[in-house]
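Working notes, structure below.
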Amino acid sequence: KYFRQNNVLKESHLDGNGIDAAFSARFGNAPLTIRYDEDGRDSSRCYSPIRIPDGQMERVQELVGRLNDILPDPKLGIDYSRHLAYASATVDPTAYVTNDEAIQILVNDCVNLTHVLFGSMTKVLYGGKTPKETVESLCETVQKKSEAKKEASDSHNRIKGLMGGNPELGTERGLEMFNNGFSGHITNIIEIIASVIQLVYHINKAFNPRSD
């Protein structure tokens, strides 16, 4: 239903337990595969559209490893038979998620993370940067944007406090209250995905300064 409503081309797998789809992304065509496992676990994989040259495989391996180190959970990998790197996402059957939330994780978040992978691969393969330099620069940019966002949020909370509002309803404190209040009702996978969504948001901003 989601693919039909969004006019996304798709093809079902022969065993009926998955689909291949082609999404339009900022980096071009985003080939996405979704599989439905027997244990109820749904997983997706989106490929970066850069075929890895034979002589560059080791550099991409290092890049993928370094990017996974800054993610809450390793979500990037390499399909060595196809010479393609990819981002992946999984929805655990024990996680309490709606169908819309599952689509957000399996499709949108996976494609966004692939955009980060694509940008990093471009810098390493064609921009003359080492994997270490690329990831360090990325982390610095994300850190600066996170600090700027926090400073803006703190200023907003101080203004609300002066006007008689409740500063605890600000972004940072509100998120903390939400997490504390519902910590007994959400699973680890949701916490991980929430962290990834926040990280991907900042990283996408780092690669797309014009979108600010």
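The values are calculated or read from the model by the stated rules, or taken from the named source; none is laboratory data. Just so we're clear, the structure is a prediction, and the values are computed from it rather than from any experiment. All Cβ positions, even for glycine, are placed from backbone atoms using ideal geometry, and neighbour counts span all protein chains on display. Accessible surface is based on the protein model in full, side chains and every heavy atom, while ligands, DNA and RNA are left aside. Shrake-Rupley method; radii C 1.70, N 1.55, O 1.52, S 1.80 Å.
Quick one: 3J(HN,Hα) in Hz for region 69-83, Karplus 6.51/-1.76/1.60 with θ = phi - 60°, rounded, Gly and Pro as x.
Listing the rounded values in order: 5, 9, 8, x, 8, x, 10, 10, x, 10, 8, 5, 5, 10, 6 Hz.
For THR98 and ALA148 in the same chain, what is the full-extension length gain: residue separation times 0.36 nm, less their Cα-Cα distance, in nm? It would help to have the intermediate numbers written out before the result.
Numbers: separation 50, 0.36 × 50 = 18.00 nm, distance 3.25 nm.
Value of the extension gain: 14.7 nm.
If I histogram all Cα-Cα distances within region 1-136 using bins 10 Å wide from 0, what percent of pairs lands in each bin?
All Cα pairs considered, the percentages come to 12, 41, 32, 14, 1.
Whenever you get a sec, compute what percent of the accessible area on region 1-65 sits on carbon and sulfur atoms (1.4 Å probe). Intermediate results must be reported in sequence, preceding the final value.
Details: 1830 of 4130 Å².
On region 1-65, the fraction of accessible area on carbon and sulfur atoms equals 44 percent.
Run the paramagnetic zone check for TYR36: 7 angstrom along Cα to Cβ, then residues of region 87-112 with backbone nitrogen under 19 Å.
89-108
If you stretched the chain out fully between ARG26 and GLU140, how much longer would it get, using 0.36 nm times the residue separation minus the C-alpha to C-alpha distance?
Values: separation 114, 0.36 × 114 = 41.04 nm, distance 2.29 nm.
Separation in residues times 0.36 nm, less the Cα-Cα distance, equals 38.7 nm.
Test of the criteria: in region 55-114, which chymotrypsin sites (Phe, Trp or Tyr not before Pro) are in a DSSP loop and have at most 11 other Cβ atoms within 10 angstrom of their Cβ?
Numbers: sites: TYR80, TYR86, TYR96; in loops: TYR80, TYR96.
In loop regions of region 55-114 (DSSP not H, G, I, E or B), the sparsely surrounded chymotrypsin sites (Phe, Trp or Tyr not before Pro) are TYR80, TYR96.
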